[in-house]
Amino acid sequence: MSDLHLLPQDSFAPVRAGVVGAGYVGLTTGACLAHLGHHVVCADIDEERVERLRRGEIPIVEEGLAEVVAEGLSSGRLTFEVGAAAAAADADVVFLCVPTPQGADGGADLRYIEAAAAQIAPVLKAGALVVNKSTVPVGSTRAVEDVLERPDVAVVSNPEFLREGTAVYDFLNPDRVVIGADDRSAGERLGDMYAGLNAPVIITDPASAETIKYAANGFLAMKISFVNAIAAMCEAVGANVDDVVEGIGADRRIGKAFLKPGPGWGGSCFPKDSRALVKIAADYGYDFTMMKGVIDVNDEQRRRMVAKVRAALGAEPGLGLRSRVVGVLGLTYKPGTDDLRASPSVAIVEALVAAGATVQAYDPTVAVGRLPAELDGFTLAADPYGAAAGAEVLVVATEWPEFAVLDLDKVAGLMADPRAIVDTRNLLDPAAVRAAGLSYDGVGRRAERPRHE
Ligand code: UDX
Ligand code: UDX
């Protein structure tokens with residue numbers, strides 16, 4: 001991570017910052033701001049999390065995070081405290097990074113952000129800046145102002161675009177910094193904090209900044225749903241999605257990014273933000289049918305993956321899968337993270353378990369005996385081969401790199417007939433899988449002939 005050594009510019013002025021919420025977004029933000037030279041107090045409601053962070057123990061899997069946290073702790077520029085007020089008391093700029101989960105009506109639930117605002121209101125210094133980094137419905141910058149009731153404090157929106165797994169890299173190498181501020185000087189003040197980054201700063205009004213965040217996630221989710229729909233079409237017409245993506249991705253107007261077919265998008269952002277986008281639009285009288293279609297394609301994609309497993313098992317439609325054994329490789333919603341939120345892999349496992357199948361799963365971030373409480377009904381294997389042992393079908397559900405280099409002969413020897421691989425991530429080479437005596441089904445890949453034959 002050579003970018004970690006990026007140094008502040010000459011014009012750089014360190015700021016006393018507070019960060020409320022030490023999760024994926026808050027902890028990355030706090031540690032990276034300290035790396036840039038700011039003095040950061042990072043607070044969380046969870047006392048145990050704070051205790052661990054003070055010892056430099058990182059509660060999540062995130063590449064490079066341990067290094068920036070350790071650097072911040074040893075330089076004294078990064079400290080951890082319990083409770084939002086502790087982050088705000090001495091800060092000139094306070095970043096709100098608490099969760100905004102999906103509420104019952106599909107919109108974002110603002111209770112944590114409002115609670116955080118209420119807690120910092122009495123202790124904020126005069127002239128402080130409050131920065132909303134959590135993803136919130138359009139208009140929420142105003143909602144924070146209303147809770148604060150501090151006319152001497154400016155509230156600005158500063159959406160994050162961090163991908164889990166590469167969050168530290170993304171923070172330090174952003175394509176752009178987006179700031180929404182009614183008062184331009186408040187926006188510029190925040191922009192100056194990012195002076196150490198080589199990125200354009202786009203300052204706009206709060207509603208536009210909030211919309212940028214939803215539009216970016218909605219557009220990326222749309223690209224993935226589009227390619228998943230094209231993959232379904234490829235299967236129907238006998239085309240190969242790998243070649244189709246190469247062919248369209250070479251067009252610079254389209255680009256290759258976010259065109260990887262798979263079991264559908266998951267994680268803590270796309271599912272909730274795509275639904276929130278539909279809800280916000282509806283609240284303002286616009287029926288966002290295209291986004292609804294994007295979500296429908298994604299839901300359908302998970303069902304298609306389960307149907308592929310059933311087909312590989314030769315199961316009659318509608319019949320249960322009792323006494324059928326399925327191995328599943330990967331539980332996280334993507335590699336490089338330990339996050340299981342809205343994971344397509346988990347959805348596939350749950351559907352197979354509900355149909356009565358015996359499921360044995362392996363994920364490098366989920367230790368045997370440490371299955372999260374909300375997951376039940378299947379066993380965890382100690383390694384990928386344990387998931388394959390005795391399985392009739394082996395599903396590649398998350399594209400962890402270690403699954404790409406499995407000893408396929410060993411896998412074939414461990415599995416039971418019909419010895420089928422369902423590769424929901426198009427991770428494996430179909431020809432190599434077939435050469436090992438296994439059958440292969442990917443997503444949108446032509447049934448028999450391998451690519452470029
Ligand atoms: C969250 C939101 O989900 C996302 O929409 C937003 O863009 C940024 O914040 P994330 O950082 O992934 O994303 O959430 P999570 O990893 O769950 O971390 C939230 C942290 O806030 C947790 O450590 C939690 O203990 C803490 N928290 C929560 C508080 O400190 N105070 C609260 O009131 C609630
Ligand atoms: C996303 C956005 O990328 C980030 O900018 C925003 O701040 C938070 O939401 P994240 O959820 O961490 O980040 O993961 P991302 O890498 O975007 O992947 C999201 C989902 O889409 C995953 O389930 C992934 O497997 C899937 N995906 C991604 C595909 O199926 N195909 C692709 O080509 C890319």
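Normalised size of the range 286-349, defined as Cα radius of gyration per 2.2 N^0.38 Å with N residues, equals 1.38.
Computed over neighbours whose Cβ is under 15 Å from that of L414, the net charge equals -3, Lys and Arg +1, Asp and Glu -1. Computed over the range 208-300, the P(r) tail beyond 19 angstrom holds 44 percent of alpha carbon pairs. Surface listing: F226, F288 arranged by accessible area from highest to lowest gives F226, F288, probe 1.4 Å. Quick note on the range 18-82: its Rg to Rh ratio, both from C-alpha atoms and Rh being the Kirkwood radius, is 0.90. When peptides 438-446, 167-175 are sorted by average Cβ neighbour count within 10 Å, with the highest value leading, the order is 438-446, 167-175. Compared with the dominant Cα axis of the chain, that is its longest principal axis, helix 24-35 is turned about 50°. Note on V82 and V237: with the Förster distance fixed at 51 Å, the Cβ-Cβ geometry gives a FRET efficiency of about 0.30. Counting only Cα atoms, the range 393-451 measures 27, 25, 16 Å along its principal axes, largest extent leading.
The coefficient of translational diffusion for the range 1-120, derived via Stokes-Einstein from the alpha carbon Kirkwood radius under 20 °C and 1.002 mPa s, stands at 146 µm²/s.
I'd like the orientation of helix 289-313 relative to the chain: the angle between its Cα long axis and the longest Cα principal axis, in ° from 0 to 90, rounded to 10. On a 0 to 90 degree scale, this one is about 40. Backbone geometry of the range 428-436 corresponds, through the Karplus equation with coefficients 6.51, -1.76 and 1.60 at θ = phi - 60°, to 3J(HN,Hα) couplings of 8, 7, x, 5, 5, 5, 5, 5, 7 Hz, x marking Gly and Pro. Along its three principal directions, the equivalent ellipsoid of the range 124-164 from the Cα gyration tensor extends over semi-axes of 21, 12, 6 Å, largest first. Between helix 344-354 and the chain there is an angle of about 50 degrees, using the helix long axis and the longest principal axis of the Cα atoms.
Take the solvent-accessible surface of the protein heavy atoms, probe 1.4 Å, and return the percent of it on the chain that carbon and sulfur atoms account for. Using a 1.4 Å probe with all protein chains present, the chain comes out at 54 percent carbon and sulfur. Here the extension length gained between A257 and A431 equals 60.1 nm, from 0.36 nm per residue of separation less the Cα-Cα distance. The range 326-423: percent of C-alpha pairs farther apart than 20 Å? Result for the distance tail: 27 percent. Across the range 257-264, coupling constants 3J(HN,Hα) worked out from phi with the 6.51/-1.76/1.60 Karplus curve, θ = phi - 60°, read 5, 6, 10, 9, x, x, x, x Hz, and Gly and Pro carry x. Annotation: amide H of D205 within the under-5 Å range of A181, sequence separation 5 or more or interchain, hydrogens built in the peptide plane.
In summary, the chain shows an alpha-carbon radius of gyration equal to 1.05 times the 2.2 N^0.38 Å reference for compact globular proteins. Taking all protein chains into account, the per residue accessible area for the chain stands at 43 Å² (1.4 Å probe).
The values are calculated or read from the model by the stated rules, or taken from the named source; none is laboratory data. Predicted model, so just to flag it, every value in this text is computed and none were measured. A quick note on method: Cβ atoms are made from the backbone with ideal geometry, for glycine too, and the neighbour counts reach across all protein chains shown. Side chains included, ligands, DNA and RNA excluded: accessible areas come from the protein's heavy atoms. Shrake-Rupley method; radii C 1.70, N 1.55, O 1.52, S 1.80 Å.
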